[in-house]
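Engineer: Have a look at the structure that comes next, please.
The values are calculated or read from the model by the stated rules, or taken from the named source; none is laboratory data. This one's a predicted model, so the numbers in the text were calculated from it and none came from an experiment. Cβ placement follows ideal geometry from the backbone for every residue including glycine, while neighbour counts extend to all protein chains displayed. Side chains are part of the model used for accessible areas, which takes the heavy atoms of the whole protein and leaves out ligands, DNA and RNA. Shrake-Rupley method; radii C 1.70, N 1.55, O 1.52, S 1.80 Å.
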Amino acid sequence: MKDKSMGILDREPGYVKRLAEYITAKEGCRLRLFTFDSEQEVSSHLEHGTLDILLVGQSMADESMKNWNHVGQLIVLSEEMHPEQSDSRSVYKFQASDGLLREVMDCCEKQSGDKNGLSKRGGNGEIIGVYSPVKRCGKTIFSFVLASVFAEQCKCLMISLDEFCIIDELRPKDHEKDLADVMFLFRQNSPESFQDMNVFSRLHGLEYIPPVTFPWDLRQIRTEELAGLVRWAVSEGGYEKVVLDIGEGGDSPLELLDVCRQVYMPEQDDPVSQEKIHSFENYMKVSGQQQILDKIEKVSLPMVKLEARMAGAESLLWSPMEKFSRKIAGVGE
């Protein structure tokens, strides 16, 4: 994904600071962010640079801004939830920051006409699974880093089916919907309306569905429902890649392997781990699922040392796992 530059211009410095901190935490080094106090500061910046996106507070928005050169997309931070029709694109200023950021990115994709080949309909995306019968093998960390690498090149969605997620930033926050909420909405709505609900979250350019808050919620989701959501993502949602972090949750998690084009299986070389993999392979053979075994590629993951209590997303993107994932994905640094 090509790096973008974004500017924020608003009369409320506290609002600008909070929004900038959130966007920086979510998009990291993939988005160059600038904040401005006045129209003159923006004009000065544009004399020597450009802005792909400029967010302007409604009270400061001016018709002349539409004619500014070197601004790719001008978006008004509206103080009204349902503003009157205007020529300028707008997002509601006082909504949760994750929803605002998703709306901004959606505006940019629509304006660009999906130049990177990301159509909202009729996509031909690829579903990639990560599964292992071996515990504590780095499966979720690998899934996240691999999906983040894909997200640099294309529109990628990550779904974790673990009952307890190790990556703290992926955990649902108070204002976010988790996988259980998303599945409820998916059951209730047609795909056409579902794709406009902004139910997915973003982190460092990657879109993801926050894992379930309560483990028993995952056990209530049927495998065929999950498969339907994943198929929608690649056929109608415009995702070129969907990475499934397949844990033990759900009613029949192994059945999800059948919807994947490729499955990566982290392994370890100790006797117990090898015996678990051997037992898994025997089960798949005797149950007539050789076609799934044929799409599995075993991988030995690099060691990632976690200094903090939880795995920090930023540190993982600069860990040995990142270099390994680039090799798997065929993407250079």
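Engineer: Tell me, what ³J(HN,Hα) does each residue in the stretch 151-157 have, in order and in whole Hz, if you take phi through Karplus 6.51 cos²θ - 1.76 cosθ + 1.60 with θ = phi - 60° and put x for Gly and Pro?
Structural biologist: My calculation for the stretch 151-157 gives 5, 5, 10, 7, 7, 10, 10 Hz in order.
Engineer: A follow-up question, please. Extending each Cα 7 Å along its Cβ direction at His278 and Trp232, get the distance between those two points in nm, one decimal.
Structural biologist: Distance between the two pseudo-spin positions: 4.4 nm.
Engineer: For Asp217, what charge total do you get from the other residues with a beta carbon under 10 Å from its beta carbon, if Lys and Arg give +1 and Asp and Glu give -1?
Structural biologist: With Lys, Arg at +1 and Asp, Glu at -1, the neighbours total -2.
Engineer: Long-range amide H contacts for Ile8: which residues qualify at under 5 Å (H placed 1.01 Å from N, peptide plane, sequence gap of 5 or more or a different chain)?
Structural biologist: Here the answer is Phe34, Thr35, Phe36, Leu55, since their amide H atoms fall under 5 Å of that of Ile8.
Engineer: Also, quick follow-up: For Ser235, Ser273, give me the order by solvent-accessible area with a 1.4 Å probe, most accessible first, ignoring ligands, DNA and RNA.
Structural biologist: If we order Ser235, Ser273 from most to least accessible, we get Ser235, Ser273.
Engineer: Here's a follow-up. Could you calculate the contour length gain from Ser59 to Phe164, that is, 0.36 nm times the residue separation minus the distance between their Cα atoms, to one decimal place in nm?
Structural biologist: That pair, Ser59 and Phe164, stretches by 33.4 nm at full extension.
Engineer: Given 0.36 nm per residue, what is the gain on full extension from Arg171 to Arg187 after removing their alpha carbon distance, in nm?
Structural biologist: So the chain would gain 3.5 nm between Arg171 and Arg187.
Engineer: Calculate one ³J(HN,Hα) per residue across the stretch 261-278 by plugging θ = phi - 60° into the Karplus curve 6.51 cos²θ - 1.76 cosθ + 1.60, and present them in order as whole Hz with x for glycine and proline.
Structural biologist: Residue by residue, the stretch 261-278 yields 7, 9, 10, 9, 10, x, 10, 10, 8, 6, x, 5, 4, 5, 5, 5, 5, 4 Hz.
Engineer: Do any of Lys177/Lys241; Lys155/Lys177; Lys26/Lys276; Lys177/Lys276; Lys155/Lys276 go past 29 Å between their Cα atoms, and which?
Structural biologist: Lys26/Lys276; Lys177/Lys276; Lys155/Lys276
Engineer: On full extension of the chain, what length is gained from Arg136 through Asn67, given 0.36 nm per residue of separation minus the C-alpha to C-alpha distance? Walk me through the numbers before you get to the answer.
Structural biologist: Numbers: separation 69, 0.36 × 69 = 24.84 nm, distance 5.52 nm.
That pair, Arg136 and Asn67, stretches by 19.3 nm at full extension.
Engineer: Would you kindly find the accessible area of Ile328, with a 1.4 Å probe and non-protein molecules such as ligands, DNA and RNA excluded, rounding to the nearest 10 Å²?
Structural biologist: About 40 Å², ignoring ligands and nucleic acids.
Engineer: Whole-Hz ³J(HN,Hα) for each residue in the stretch 284-289, computed from phi via Karplus 6.51 cos²θ - 1.76 cosθ + 1.60 with θ = phi - 60°, x for glycine and proline: what do you get?
Structural biologist: So the Karplus estimates, Gly and Pro as x, are 5, 5, 5, 8, x, 10 Hz.
Engineer: Just grab the label-to-label distance for Ala20 and Arg219, each label 7 Å out from Cα along the Cβ direction, in nm (one decimal).
Structural biologist: In this crude label model, Ala20 to Arg219 measures out at 4.8 nm.
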